[in-house]
1. Given region 1-117, what strands (runs of 3 or more DSSP E) lie entirely inside it while holding 1 or more residues that are in contact with a Ser or Thr (Cβ under 9 Å, 6 or more places away or on another chain) and buried (at least 20 other Cβ atoms within 10 Å of the Cβ)?
2. Go through the residues of region 299-317 one by one and say whether even a single one is in contact (Cβ under 8 Å) with a residue 40 or more places away in the chain, of a type in the set (A, V, I, L, M), touching a Lys or Arg at 6+ places or on another chain (Cβ under 8 Å) and in a loop (DSSP other than H, G, I, E, B).
3. Using the structure shown, decide if Asn295 is assigned by the TED database to the domain that holds Asn27, of a type outside the set (D, E, K, R) and modelled with pLDDT of 95 or more.
4. Return the pair list, or none, for Cβ contacts closer than 8 Å from residues in region 1-22 that are among the hydroxyl-bearing types (Ser, Thr, Tyr) to residues that are part of a strand (DSSP E or B) and buried (at least 24 other Cβ atoms within 10 Å of the Cβ), at least 6 apart or on different chains.
5. May I ask you to list pairs of residues, at least six apart or on different chains, whose Cβ atoms are under 7 Å apart, with the first in region 185-199 being surrounded by 14 or more Cβ atoms within 10 Å (Cβ to Cβ) and the second being in a loop (DSSP other than H, G, I, E, B)?
6. So how many residues does region 167-180 have that are open to solvent by less than 30 Å² (accessible area, probe 1.4 Å), in contact (Cβ under 8 Å) with a residue 24 or more places away in the chain and outside any loop (DSSP other than H, G, I, E, B)?
7. Could you tell me which of the residues Leu86, Leu105, Leu57 is hydrophobic (A, V, I, L, M, F, W, C) and over 20 Å from the mean Cα position of the chain (by Cα)?
8. Among the residues of region 202-212, which ones are under 19 Å from Val260 (Cα atoms) and surrounded by fewer than 18 Cβ atoms within 10 Å (Cβ to Cβ)?
Amino acid sequence: MPAVLGFEGSANKIGVGVVRDGAVLANPRRTYVTPPGTGFLPGDTARHHRAVILDLLQEALTEAGLTSQDIDCIAYTKGPGMGAPLVTVAVVARTVAQLWNKPLLGVNHCIGHIEMGRLITGATSPTVLYVSGGNTQVIAYSEHRYRIFGETIDIAVGNCLDRFARVLKISNDPSPGYNIEQMAKRGKKLVELPYTVKGMDVSFSGILSFIEDVAQRMLATGECTPEDLCFSLQETVFAMLVEITERAMAHCGSQEALIVGGVGCNLRLQEMMETMCQERGARLFATDERFCIDNGAMIAQAGWEMFRAGHRTPLSDSGITQRYRTDEVEVTWRD
């Protein structure tokens with residue numbers, strides 16, 4: 001019964017999780033929150049992570065009721081993500097692995113999300129919609145790879161939402177995307193926005209530039225409210241995501257859809273995906289903010305799968321990479 005400790009810190013969330021044989025024993029997390037109208041810079045984010053990561057490690061062990069002797073492997077996020085935060089986590093993971101004399105595993109962040117989603121929901125072979133602040137991909141498993149069927153050709157959907165939140169000076173606590181979701185529930189007018197689907201891919205930079213350009217003018221003239229703009233942006237970008245996911249499901253003959261990533265806990269996105277799945281006679285799987293948002297347990301779970309399949313990361317290869325595509329990883333733990 002291997003127990004794996006996972007470190008995640010690729011963006012503004014820092015988490016340490018413990019997983020043993022499909023059970024999440026601990027999953028504490030902290031978030032670096034910046035003032036409204038601002039984003040988070042790599043250096044500042046890394047300093048935040050350095051300040052709390054050891055406390056999180058102790059918290060995770062205490063919550064799991066384990067000691068260092070009970071841990072069989074140390075997993076960490078190798079990438080993709082922001083350079084400085086990734087380095088912070090990698091250094092701590094390497095140090096802990098050497099101090100405790102445990103094997104080390106570098107995990108692809110995207111695959112961590114997928115394996116966590118499969119564990120929590122019980123989905124067997126779903127078409128995956130992976131949506132977050134740094135990534136937007138439609139993925140399906142085939143022949144020991146998570147194949148990317150469609151993706152953003154510029155910015156991620158979460159980045160689009162976050163940057164629009166800065167235009168309206170929406171709070172970053174607990175997250176700009178969550179606050180946009182709450183404001184969108186009060187929106188009543190649908191403002192027409194650019195809808196850009198290119199085959200299996202999507203583009204969000206144009207819609208962001210457009211809404212950034214017209215927002216203040218439309219608000220000043222009373223043409224719409226901030227809530228209307230949040231509602232319109234959500235409806236448009238989510239419709240784009242549902243379209244490419246449905247196309248991938250049709251291509252794969254899939255009867256399961258799984259939403260993962262931080263944007264995946266948006267209830268309106270889940271509702272739109274559920275409608276599409278019902279029309280296809282398919283089933284939707286999704287999780288809540290405990291597991292959708294970046295967390296240590298997802299890295300521990302992917303690490304657990306890799307550990308059982310015989311994977312190990314030598315110290316000489318235990319660096320980080322900001323660009324680490326989902327389909328680069330050979331998925332030897334699945335048939």
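The values are calculated or read from the model by the stated rules, or taken from the named source; none is laboratory data. Computed from a prediction, not measured in an experiment: that's the story for all the values here. Every residue, glycine as well, gets a Cβ built from its backbone with ideal geometry; the counts of neighbours run over all protein chains shown. These accessible areas exclude ligands, DNA and RNA; they are computed on the full protein's heavy atoms, side chains included. Shrake-Rupley method; radii C 1.70, N 1.55, O 1.52, S 1.80 Å.
1. Those strands (runs of 3 or more DSSP E) span 3-8, 13-20, 23-26, 73-79, 104-108.
2. no
3. Yes, satisfied.
4. So the pair list comes out as Ser10/Thr77.
5. Note: pairs meeting the criteria are Val191/Cys224; Thr196/Ser203.
6. Within region 167-180, residues that are open to solvent by less than 30 Å² (accessible area, probe 1.4 Å), in contact (Cβ under 8 Å) with a residue 24 or more places away in the chain and outside any loop (DSSP other than H, G, I, E, B) number 2.
7. Leu57
8. Those that are under 19 Å from Val260 (Cα atoms) and surrounded by fewer than 18 Cβ atoms within 10 Å (Cβ to Cβ): none in region 202-212.
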